[in-house]
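Heads up: the structure comes next, in C-alpha cells.
The values are calculated or read from the model by the stated rules, or taken from the named source; none is laboratory data. Being a predicted model, the structure only gives us computed values, none of them experimental. Cβ placement follows ideal geometry from the backbone for every residue including glycine, while neighbour counts extend to all protein chains displayed.
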Amino acid sequence: MIRLYTTTNDLMNHFFTTLRERSRETFSSLYVRNYRLYYIGQIISTSGTFMQTVAQAWLVLKLTNSGTALGITSALQYVPILILGPYGGVIADRISKRKILYFTQSLSGLLALILGVLVMTNLVQVWMVYILAFSLGLVTVFDNPTRQTFYMELVGPDHIRNAVTLYSTLVNLARIVGPAIAAALIAGFGLAPCFLINGISYVAVVIMLGFMHADELIVSPPLPRAKGQIVEGIKYILSTPVIGATLLMMAVVGTLTYEFQVSLPLIAQFTFKGDASSYALLTASMGFGAAFGGVFFASRKGIQPNKVITASLLFGLAVLTAAFMPTLLLTGLILVFVGITSINFSSLGNSLLQLESSPQMRGRVMSFWSIAFLGSTTLGGPLVGWFAEVAGARWGLAIGGIAALFAALLGTFTLRRVKTVKPESV
C-alpha cells in the first residue's frame with residue numbers, strides 16, 4: 001500500500017513538473033518583462049481593432065450594398081503599403097522602433113475616433129470611409145515593419161517564434177472577442193461605439209510602451225542614412241533564396257487567401273442571408289481556431305522551410321472545404337480549422353524571415369513581408385469582391401484556397417532543398 005502511494009505520488013509529481021515545464025515553454029516570451037507589457041497593451045487594442053473591422057465592413061455594405069465597394073475599401077487601406085512599404089522598412093532600420101510605435105499607434109487611434117464621430121453624427125459617406133482607410137494605410141506603412149522587428153528587440157532570437165506565435169494567438173483571440181462585442185454594440189447602439197472604443201484602446205499601447213525598460217531592449221545598431229538603401233534591400237532579398245521564396249509564397253497567399261474581410265461578410269450576407277451577427281460568428285470561429293493553434297504551436301521548436309510548404313498546403317485545403325459547406329454553422333466549424341492552419345503558416349513564415357535576415361536588413365525584409373501579407377490586399381481585395389459578385393460568394397473564398405495550394409507548389413520547387421535555419425544574433 002505504501003509502495004503504491006509512493007508510486008502514485010511520484011507519477012503526480014512528474015505530471016505537474018512536466019506541465020510546468022511545458023507551460024513555461026509555451027509562454028516563454030511572457031516571462032520577458034518588456035514583451036509582457038507590450039502584450040498587455042495589445043490585448044486591449046487588438047480587440048478594438050477587430051470591433052472596427054466588423055463595423056467598417058458592415059458600414060460599407062450598409063452605405064453601398066456592394067461587394068466591390070467592400071473590396072475597394074480594403075484595397076485603399078493597403079495600397080500605401082504596396083507602394084511605400086520598402087520606405088517604411090528603411091525607417092524601421094534607421095530610427096528607434098519604440099519611438100516610431102509611439103507615433104503610429106497614436107495616429108491609428110485618432111483616425112478611429114474621427115470615423116466614430118462621423119458615424120455618430122450621421123455625416124459619414126462612403127468616400128469618407130475610403131479616405132480614412134487610405135490614411136490608416138499610410139500609418140501602417142511605418143507601423144507594421146516596426147512592430148514585426150520590435151519582437152526581436154523585445155525577446156531576442158531564441159524566443160522569436162514563440163513571441164510571434166503568441167502575438168498571433170492574441171490577434172486571433174481578439175478576432176473572437178472583438179466581433180462578439182461589435183455584434184452586441186451594433187445591435188444595441190449602432191456602429192459608432194465600435195470606432196470610438198477602438199480609438200480609445202490605443203491609449204493602452206502607448207502607456208505600456210512608456211513603462212518598458214529601455215536598457216532591457218536588444219537593440220540593433222541603427223542604419224545610417226545613405227542613398228540606395230531600398231535597392232540594397234531588394235538585392236539582398238533576391239540573393240537570399242529562403243527569404244525570396246518565402247516572400248513569394250506569402251505574396252500569393254496574401255493576395256487571394258487572406259481576403260477574409262471581403263469574402264466572409266459576402267458569404268454571411270448573400271449565401272446565408274445573415275446579418276452582422278452571422279459575420280461575427282464566422283470571424284470568431286476562425287479566431288478560435290487560430291487561438292487554439294497558437295497555443296499548440298507556441299512551444300514547437302525548429303523552423304524549417306519545408307514546414308512552411310506543409311502549412312500552406314493544409315491552409316489551402318481547409319479554406320476550400322469551408323467555401324462549400326452547406327450551412328452557416330458548418331462553415332463556422334470548418335473555419336476553426338482554417339484558423340489553426342492559418343496561424344501555423346503565418347507564424348512560421350514570419351519567424352523564418354526574421355531569423356534568416358541580418359540585423360541591418362531586418363526592417364527592410366519585414367517591410368516586404370508587410371507588402372506580401374497586407375499590401376497585396378490592394379490587388380486581391382477588389383478582385384475577390386468582383387469574383388464573388390460574378391461567380392458567387394462561395395467562390396470568393398474558394399479562390400483563396402486554390403491560391404494557398406498554388407503557393408505550396410511554388411514552395412515545393414524553391415524551398416524543399418533547404419534543411420535548416422540558423423538563428424542569427426542581434
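Quick notes on this structure:
- So L352, is it part of a helix (DSSP H, G or I), more than 26 Å from A75 (Cβ to Cβ) and at pLDDT below 90: yes
- Within region 155-173, not a single residue is within 25 Å of P80 (Cα to Cα), in a helix (DSSP H, G or I) and at pLDDT 90 or above.
- Among residues of region 285-329 being under 10 Å from N344 (Cβ atoms) and basic (K, R), the one that is modelled with the lowest pLDDT is R300.
- Subset of region 328-358 (residues that are under 17 Å from the mean Cα position of the chain (by Cα) and not hydrophobic (A, V, I, L, M, F, W, C)): G339, T341, S342, N344, S346, S347, G349, N350, S351, Q354
- Within the option set L166, L154, L170, being within 23 Å of F103 (Cα to Cα) and under 16 Å from the mean Cα position of the chain (by Cα) holds for one residue only, L170.
Table: residues versus (1) in a helix (DSSP H, G or I); (2) of a type outside the set (A, V, I, L, M); (3) closer than 24 Å to Y202 by Cα.
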| residue | (1), (2), (3) |
| --- | --- |
| S74 | yes, yes, yes |
| L82 | yes, no, no |
| G85 | yes, yes, yes |
| A112 | yes, no, yes |
| G116 | yes, yes, yes |
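- Residue match in region 223-230 (condition: under 29 Å from P382 (Cβ atoms) and surrounded by fewer than 16 Cβ atoms within 10 Å (Cβ to Cβ)): yes
- Hits in region 76-97 (condition: farther than 27 Å from M212 by Cα and out of contact with any helix residue (DSSP H, G or I) (no Cβ under 7 Å at 6 or more places or on another chain)): I83
- Number of the exception - A388 against (1) crowded, with 24+ Cβ neighbours inside 10 Å; (2) within 22 Å of the chain's Cα centre (by Cα): (2)
- Close pairs (7 angstrom Cβ cut-off, 6 or more residues apart or separate chains): under 19 Å from V155 (Cβ atoms) and at pLDDT 90 or above in region 33-55, assigned to a helix (DSSP H, G or I) and among the small types (G, A, S) anywhere: Y35/S29; Y35/A163; G41/A204
- Selection status of V124, β-branched (V, I, T), in a helix (DSSP H, G or I) and over 18 Å from L209 (Cα atoms): no
- Restricting region 191-222 to residues that are surrounded by 15 or more Cβ atoms within 10 Å (Cβ to Cβ) and of a type in the set (G, A, S), the residue that is farthest from Q105 (Cα to Cα): S220
- Qualifying residue in region 99-111 (condition: within 30 Å of G392 (Cβ to Cβ) and touching a residue at least 40 places away in the same chain (Cβ under 8 Å)): no
- Among the residues of region 257-288, those that are in a helix (DSSP H, G or I) and among the small types (G, A, S) comprise S263, A268, A276, S277, S278, A280, A284, S285, G287.
- Test result for V231, more than 30 Å from M325 (Cβ to Cβ) and either among the β-branched types (V, I, T) or at pLDDT 90 or above (or both): yes
- Taken together, G332, G254 contain a single residue that is at pLDDT 90 or above and part of a helix (DSSP H, G or I), which is G332.
- Number of positions in region 68-121 that are of a type in the set (G, A, S), farther than 30 Å from S263 by Cα and surrounded by 23 or more Cβ atoms within 10 Å (Cβ to Cβ): 1
- Matching entry among L185, L170 (being touching a residue at least 12 places away in the same chain (Cβ under 8 Å), closer than 30 Å to L63 by Cα and not charged (D, E, K, R)): L185
- Number of the condition not met by L405 [criteria: (1) closer than 17 Å to L238 by Cα; (2) among the aliphatic types (A, V, I, L, M); (3) at pLDDT 85 or above]: (1)
- Residue within region 359-380 that is more than 23 Å from L138 (Cα to Cα), more than 13 Å from the chain's Cα centre (by Cα) and not acidic (D, E) present: yes
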